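The values are calculated or read from the model by the stated rules, or taken from the named source; none is laboratory data. Note that the structure is a prediction, hence the values are computed from the model and not measured. Please note: Cβ atoms are built from the backbone with ideal geometry, for glycine as well, and neighbour counts cover all protein chains shown. Remember, those area values only see protein heavy atoms, side chains included, never the ligands or the DNA or RNA. Shrake-Rupley method; radii C 1.70, N 1.55, O 1.52, S 1.80 Å.
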Amino acid sequence: MTLPSKDDSLLIVGAGVFGLSLAYELTAVRGYTRVTVLDRHMPPVPDGSSNDLSRVVRAEYTDPLYSQLAIEAITEWRTTEWRDHYHESGYVMIIPNADSEWVTKYRALREKQAVQQPMNIFAPDASESAIKRMYPCITTDLNGITTLQNDHAGWAHAHGAIRALANRCTLAGVSFVTGPRGTVTSLETSGKQVLGVRTATGSIMKAKTVVLATGAWTNRLVSDMRQNILGVSQPLAYIQLSPKEAQSLEKMPVMVNTATGLYCFPPDPVSHQLKVARHGYGYSNQVKLEDGREISSPRLMGNNAAVQDFLPADADRDLREGAKAFWPQFGNRPWAKTRMCWYTDTPKSDFMVDYHPDMNGLFFATGGSGHGFKFLPVIGKHIADVFEDKAGPLFRERWAVRRPTDADSEPEMEGDGTRLGPRLRQLSKAEQAKL
């Protein structure tokens, strides 16, 4: 493998958190001079997984790699220019399943790291009365339920942070191509060498190296990654509050129920909307491509987030139950809007950041698995280290592409133990027609 030089042409397909972070790091920090980002829309891409009102920022992991990476990111969210997009509301884990394997592992790591961290990242268990003293606006019934809280955690305004990151890329000299000319429909190859990409206009853009930071769209462009990544959609729902009602919940933390995977956010300070979601196994949407392959993917053309009045009936029911539990006083209100959010799962929720094992000139920066956004302030340098073959063995091993095998065509996407709720379900044809 020959690494690209800093004067070689480089195309990054995908203007989400991974693609933009890498583009900025390579251009502004490492001196690459010909970096171009392509996407169907200008960032914040409306149907990308990096765009929304809010994304959780927390360090609650059982894995030391991601826990430490999250602590690094939280430091940046709190102390740098990214603080303008960060709300340190606190984070409360509601733990009805206190004896679960994930909770046991989390406690062990938390106790080990508590004495090592400069911030109070890992707080002790808290009683219902203690939690409600800290957060008086919580009306959730916590009687007899174990809870954990984290002061140095909260949420980031995803739309605003991505917009700021894209602006930083522009000022650093990154070029952007969007619309049909930025909509990549296939890779251009010669044997085992990637030469560039073909776009929806039929034109070809050549490059020494192509980076696929394409999230749930990735399997449209490569045929041998199904055992590495799977595009899934997750349900989101929003409740509209008045300004006065939103003010009453202003000091609310992000909350997650570790037995159901349901989580919620404080009201957005501008729209005054509450958001409830689930970190679960999600829904697949099988589409047949022109080459005959069937994959799970959102539509390539158009805006998948434009449909804001559809949820699968079982997702609607579960989110409603979650809303009523989190906010008894508001949980029965009609949804202000709903959304099916697409992102890319990997078998163990590890990111996929690596060169293709067989195709020269093709690099992946994807597989966010529903937890990648929080790393925005620091992820670019780690992806760039892999890109330049400077990363340590732990990152290279954990983020490596798995070679395809006949016996391993599409494994279960079990995640890291935090995936909860119903198993992955294929949307019916009637449901798919509503997307």
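Of the residues that make up the range 79-89, is at least one at pLDDT below 95, open to solvent by 60 Å² or more (accessible area, probe 1.4 Å), in a loop (DSSP other than H, G, I, E, B) and not polar (S, T, N, Q)? No: zero hits. Look at (1) buried (at least 20 other Cβ atoms within 10 Å of the Cβ); (2) touching an Asp or Glu at 6+ places or on another chain (Cβ under 8 Å); (3) in contact (Cβ under 8 Å) with a residue 40 or more places away in the chain; (4) not charged (D, E, K, R) and you find that Val386 fails only one, number (3).
The set of residues from the range 122-176 being under 28 Å from the mean Cα position of the chain (by Cα), acidic (Asp, Glu) and surrounded by 15 or more Cβ atoms within 10 Å (Cβ to Cβ) comprises just one member, Asp151. Listed by first and then second residue, the pairs with beta-carbon distance under 8 Å, at least 6 apart or on different chains, first residue in the range 145-163 and part of a loop (DSSP other than H, G, I, E, B), second basic (Lys, Arg), are His152/Arg78; Ala153/Arg58.
The set of residues in the range 177-217 that are on the phi > 0 side of the Ramachandran plot and open to solvent by less than 10 Å² (accessible area, probe 1.4 Å) contains only Gly196.
Against the definition (at pLDDT 95 or above, in a loop (DSSP other than H, G, I, E, B) and open to solvent by less than 10 Å² (accessible area, probe 1.4 Å)), how does Met225 come out, yes or no? Don't jump to the end; show me each part of the working.
Working: at pLDDT 95 or above: no; in a loop (DSSP other than H, G, I, E, B): yes; open to solvent by less than 10 Å² (accessible area, probe 1.4 Å): yes.
When the stated conditions are applied, Met225 does not pass them.
Would you point out which residue out of Thr201, Thr139 is closer than 24 Å to Glu245 by Cα, part of a loop (DSSP other than H, G, I, E, B) and in contact with a helix residue (DSSP H, G or I) (Cβ under 9 Å, 6 or more places away or on another chain)?
Details: Thr201 fails: closer than 24 Å to Glu245 by Cα.
Among Thr201, Thr139, only Thr139 is closer than 24 Å to Glu245 by Cα, part of a loop (DSSP other than H, G, I, E, B) and in contact with a helix residue (DSSP H, G or I) (Cβ under 9 Å, 6 or more places away or on another chain).
Would you confirm, using the coordinates I've provided, whether Ala130 is outside any strand (DSSP E or B) and closer than 30 Å to Tyr355 by Cβ? Judged against the criteria, Ala130 is not a match. Within the range 308-317, can you find the residues that are farther than 16 Å from Lys429 by Cα and open to solvent by 10 Å² or more (accessible area, probe 1.4 Å)? Across the range 308-317, the qualifying residues are Gln308, Asp309, Asp316, Arg317.
Only one residue in Asp125, Asp151 is modelled with pLDDT under 90 and under 17 Å from Glu250 (Cα atoms). Which one?
Details: Asp125 fails: under 17 Å from Glu250 (Cα atoms).
Exactly one residue qualifies, and that residue is Asp151.
With respect to (1) at negative phi; (2) surrounded by fewer than 16 Cβ atoms within 10 Å (Cβ to Cβ); (3) assigned to a loop (DSSP other than H, G, I, E, B), the lone exception for Lys105 is condition (3).
So, of the residues in the range 12-26 that are part of a loop (DSSP other than H, G, I, E, B) and under 16 Å from Ala164 (Cβ atoms), which turns out to be least open to solvent (accessible area, probe 1.4 Å)?
We begin by selecting, within the range 12-26, every residue part of a loop (DSSP other than H, G, I, E, B); these are 14-16.
Still in the running and under 16 Å from Ala164 (Cβ atoms): 15-16.
On the way: Ala15: 3, Gly16: 20 Å².
Here the answer is Ala15.
Being out of contact with any Ser or Thr (no Cβ under 6 Å at 6 or more places or on another chain) and either surrounded by fewer than 16 Cβ atoms within 10 Å (Cβ to Cβ) or within 14 Å of Val232 (Cβ to Cβ) (or both) is the filter here, so list the residues in the range 342-351 that pass it.
The first filter runs over the range 342-351 and keeps only residues out of contact with any Ser or Thr (no Cβ under 6 Å at 6 or more places or on another chain), leaving 347-348, 350-351.
Pro347, Lys348 - these are the residues of the range 342-351 that are out of contact with any Ser or Thr (no Cβ under 6 Å at 6 or more places or on another chain) and either surrounded by fewer than 16 Cβ atoms within 10 Å (Cβ to Cβ) or within 14 Å of Val232 (Cβ to Cβ) (or both).
Take the conditions (1) closer than 25 Å to Val177 by Cβ; (2) outside any strand (DSSP E or B); Thr36 misses just one of them, which is (2). Kindly check whether there is at least one residue in the range 27-46 that is open to solvent by 30 Å² or more (accessible area, probe 1.4 Å) and acidic (Asp, Glu). No, that holds for no residue. So, Asp99, is that one among the charged types (D, E, K, R), more than 25 Å from Gly182 (Cα to Cα) and without any contact (Cβ under 8 Å) to a residue 12 or more places away in the chain or not? Judged against the criteria, Asp99 is a match. Kindly indicate whether any position in the range 321-337 is of a type in the set (S, T, N, Q) and either open to solvent by less than 10 Å² (accessible area, probe 1.4 Å) or modelled with pLDDT under 95 (or both). No - not one qualifying residue is present in the range 321-337.
I need the full set of residues from the range 374-383 which are open to solvent by less than 60 Å² (accessible area, probe 1.4 Å) and of a type outside the set (A, V, I, L, M, F, W, C), in order please. Those that are open to solvent by less than 60 Å² (accessible area, probe 1.4 Å) and of a type outside the set (A, V, I, L, M, F, W, C): Lys374, Pro377, Gly380, His382.
Restricted to strands (runs of 3 or more DSSP E) entirely inside the range 241-301, those with at least 1 residues that are surrounded by fewer than 21 Cβ atoms within 10 Å (Cβ to Cβ) are 273-278, 286-288, 294-296. In the set (1) out of contact with any helix residue (DSSP H, G or I) (no Cβ under 9 Å at 6 or more places or on another chain); (2) open to solvent by 20 Å² or more (accessible area, probe 1.4 Å), Leu53 fails one condition alone, (1).
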